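Asks: Let me give you the structure first, and then I'll get to my questions.
The values are calculated or read from the model by the stated rules, or taken from the named source; none is laboratory data. Predicted model only: the values in this text are computed from it and were never measured. Every residue, glycine among them, receives a Cβ derived from its backbone with ideal geometry; neighbour counts consider all protein chains shown.
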Amino acid sequence: MESGEVLTTPPVVAGPTPRPRRLERLQLSVQSTQNILLIQLLQPELRADNGIEATFQYALQRGMEQLFQLEESELGRGTRW
């Protein structure tokens with residue numbers, strides 16, 4: 001990458017012909033684990049049910065993938081402490 005410019009369409013040139021640009025494809029991604037969501041169910045009998053935990057985790061992950069247009073591999077996996 002020579003200039004650091006991100007182009008969506010080729011620029012329109014009105015003056016002298018500039019030096020040719022080398023266009024490259026970039027795939028941007030972010031790898032960070034700074035954000036966390038902690039959820040604790042109020043009813044103790046629900047906290048002990050692994051099926052409810054798995055269902056909620058799956059639904060939350062799929063919802064975030066759709067809302068933020070993410071691939072399945074872009075979200076970290078949660079763990080229960």
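Asks: When the range 41-66 is examined, which residues are found to be part of a loop (DSSP other than H, G, I, E, B) and in contact with an Asp or Glu (Cβ under 9 Å, 6 or more places away or on another chain)?
Replies: Within the range 41-66, the subset part of a loop (DSSP other than H, G, I, E, B) is 41-43, 48-49.
Within the range 41-66, Leu41 is the sole residue that qualifies.
Asks: Can you say whether Arg80 is at pLDDT below 85, in contact with an Asp or Glu (Cβ under 8 Å, 6 or more places away or on another chain) and either surrounded by 10 or more Cβ atoms within 10 Å (Cβ to Cβ) or not in a loop (DSSP other than H, G, I, E, B) (or both), as far as the supplied structure shows? Steps first, please.
Replies: On the way: at pLDDT below 85: yes; in contact with an Asp or Glu (Cβ under 8 Å, 6 or more places away or on another chain): yes; either surrounded by 10 or more Cβ atoms within 10 Å (Cβ to Cβ) or not in a loop (DSSP other than H, G, I, E, B) (or both): no.
No; evaluated as a whole, the condition is false for this residue.
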